[in-house]
Every structure is written in structure tokens, then in C-alpha cells.
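Data first, discussion second: the structure below is written as C-alpha cells.
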Amino acid sequence: MTTMSANFVSSQALATSLVLPAMQAQSSLTTAMTEESTGQYADLGLQLGEQSGYELSLKEQVGQLQTLTSNNSIVSTSLSTAQSALSAISSSAQTTLNDLATWTPSANSGASLQNMGQSALQSLIASANATSGDQYVFGGINSAVAPMADYYSTPASAAKTAVDQAFQTAFGILPTDPAAANISASAMQSFLSGPFAALFEGASWSADWSSASSANTSAEIAPGQTATTSTNANQPGFQELAQAYAMLSEFGGSELSGAAQQAVATAASSLVSQGMDSMTNIQAELGSTQSAVTNANSSMSSQLTILQQQVGNLDDVNANTTAAQINSLTNQIQMAYELTSRLQELNLAQYLPVP
């Protein structure tokens, strides 16, 4: 009886002794399967030890470059939108310039000048108020507000009211008054280059025409590299074109004499040419920024590739090694369970002779 009890206890103890290794193997298997699924070590701190700080530094650099690259995508879209709008403005200006070159007071009516001006000014305002996302690309740092006011709004815009008042102050009448036919070409030229031109400069421009900020946006496009990333509707080109189109719109279809209307057409032609040159300069400046952003992205892409490889070397498990570990652990667990089952079935009484 004593022998049977001793053998039974010994068998049970042996079976129990296999449980702990099986549980440990099961835990290791779970970890290995997680690592196989994610491709990375389950406990990086344990795996890397003293290299954890280095790995964290690498990941911070990766994060910074990824953030800058993402922000550059927004900048690039905004710059492209601005370039497209500037191209539309230049195209409209060229069309107006061509039309003015063939216009003569003897062959054409003043109304054609007026139509020219209205169409071109409406196009200028629409392009100046171009948006990228929810930002106005010609607003400077004040990109949440439309840069140019609607000249043809109802009731009359501040800009329209200022033009009418300036003309009436200069001549005592409005352009639609029949008495305007008595205004000489030289008097009209003086008005256009003096009181009228002042409406498109400085405080008058900011008060009546533009809500844009003259300060442009800037952004870090690469570590330690900052660039100006926008322009604004307070640039001379916008003022020159608005001035040219407004004079055509206001005085082209008026009661002015043919000579005075010719003075208007000549002044407008000069301003449109200047405006086109100014727009070309703006496009060149934005183009320089676009190139800088492209180069920054290319450089950061190369850096990201290197950094991510370094992080991967630290974080990523070896797929073949992990698969072999999973296979080995699975076999260990199966063997442990089989041995445990068999040991638990052992009973010395089965091998004793029947009395």
C-alpha cells in the first residue's frame, strides 16, 4: 500500500512539473505570433536595452520629416493654385491689351471699352480671390478673408463710390453727365495719373479694394530651412490691373469725347503692360519657392529612407527566425500536453498482480 501511494504521488508530481514549462512556452508562443503579425518585437524596451534612446531619437527624426513632408504637400497645392490664378490673370490682361491695341475712337464705341474693363475686372477679382482648401492664396497672412472686394456689388462698393467721388471732385460732374464731353484729353490724363491713381495706392487701396495683408506666410519646408510660401493682392500688379480695368469700365462708356476716351485707352494700355510684368515677377518668385519645396521633399525622402531602415534594423523581427521559433514552441507545447496526459493516466495498480 505504501509503495502504491509513493508511486502515485511520484507520477502526479511528474505530470504537474510539466505544466509550468508548457505555460511558459504558451506565453512565448503568443509573443512570437504577435511579432510575426506586426513584424516588430513585442517588447522593444526589453529587446533594445541601452539602444532604446537611440531608437527613440531616430523615430523622432522620422516623425519630424514626415510632418514637414505632409505640410509641404499643402504648401505645394497652395502655390499651384496661386500660379494657375496668376496665369489666368495674365491671360486676361493679354486679351485686354490686344483689344486695346485695335481700338480707336473713330471705329469703335466707348461702350466696347467699358465692356472690356468690366469683363477683365470681374475676372481679376475672381482670380485674386482664389482659394486652396479654406485659405485665400492671395491674402498673405490674412488668408481667411477674401482679398479683393466685389467692385460691382449692390449697394455700391466703397471702391466704386470713391471713383465716382474723385471724378465729381475733379470735374464737378459724373462721367454720365453730357457735360463730360467738354473734358479735354489733357485734363483726363491729369485726372487719371493724379486723383484717380491715388485710389489704387496705400491706404486707399487697403480701405476700398483689398483685405489682404502685405505680410506673406512662411513655413519650415525642411529642418532649419524656412521659405516664403505665399504672395498677396497688395502687390503692384493687382493695383495696376485694377486701375486699368476700372478706368475702362467707368469712363469707356461715358459721355467723354473721343479724344478723352483715347486718353483712357492709352493710359489703360500702359497700366496693363506694367501689370503683366508685375505678375510675371510674382510667378517667378512663387516658382522659386516651388523649386525649393520640391528639392526639400527630395532630400527629406532620401533621409527618411535611411532613417526608416535604421529603425527597422532595430525594431523589426527576422521573419524566418520567428517562424522557426513558433514551430519549435508549438511542438514543445504539444509534447508537454501529450506527456502530461499520459502521466496522469498512469496507475501502478494496473501493473500489480490480481490477488
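Bear in mind that the values in this text are calculations on the coordinates, not laboratory data. Worth saying up front: this structure is predicted, and the values here are computed from it rather than measured. Counting neighbours? That spans all protein chains shown, and the Cβs are built from the backbone with ideal geometry, glycine included.
In sequence order, the range 175-189 has phi-based couplings of x, 7, 6, x, 5, 5, 5, 8, 6, 6, 4, 5, 5, 5, 4 Hz under the Karplus curve 6.51 cos²θ - 1.76 cosθ + 1.60, θ = phi - 60°, and Gly or Pro positions carry x.
On full extension, the segment bounded by SER301 and THR67 gains 83.0 nm, given 0.36 nm per residue less the C-alpha separation. Here the simple spin-label model places points 7 Å from the Cα toward Cβ, and for ILE74 and ASP164 these points are separated by 4.2 nm. For the peptides 55-63, 142-150, the ranking by packing is 142-150, 55-63, with the highest mean count of neighbouring Cβ atoms within 10 Å listed first.
Stretching the chain fully between GLN94 and ALA179 yields a gain of 27.2 nm (0.36 nm per residue, less the alpha carbon separation). As a calculated quantity, the FRET efficiency between SER186 and ALA101 at R0 = 35 Å, using C-beta atoms, amounts to about 0.95. Near ILE221, the amide H atoms lying under 5 Å from its own belong to THR226, ALA227; only residues 5 or more places off or on other chains count, and H is placed 1.01 Å from N.
Fully extending the segment from ASN115 to SER204, taken as 0.36 nm per residue of separation minus the present Cα-Cα distance, adds 29.5 nm. Each label point was placed 7 Å from the Cα along the Cα-to-Cβ direction; for ALA259 and ALA284 their separation is 4.0 nm. Amide H contacts of ASN142 (H built 1.01 Å from N, in plane; Pro and chain starts excluded): SER213 sit under 5 Å, all sequence-distant by 5 or more or on other chains. A Förster distance of 45 Å, applied to the separation of the beta-carbon atoms of ASP150 and THR294, puts the FRET efficiency at 0.80.
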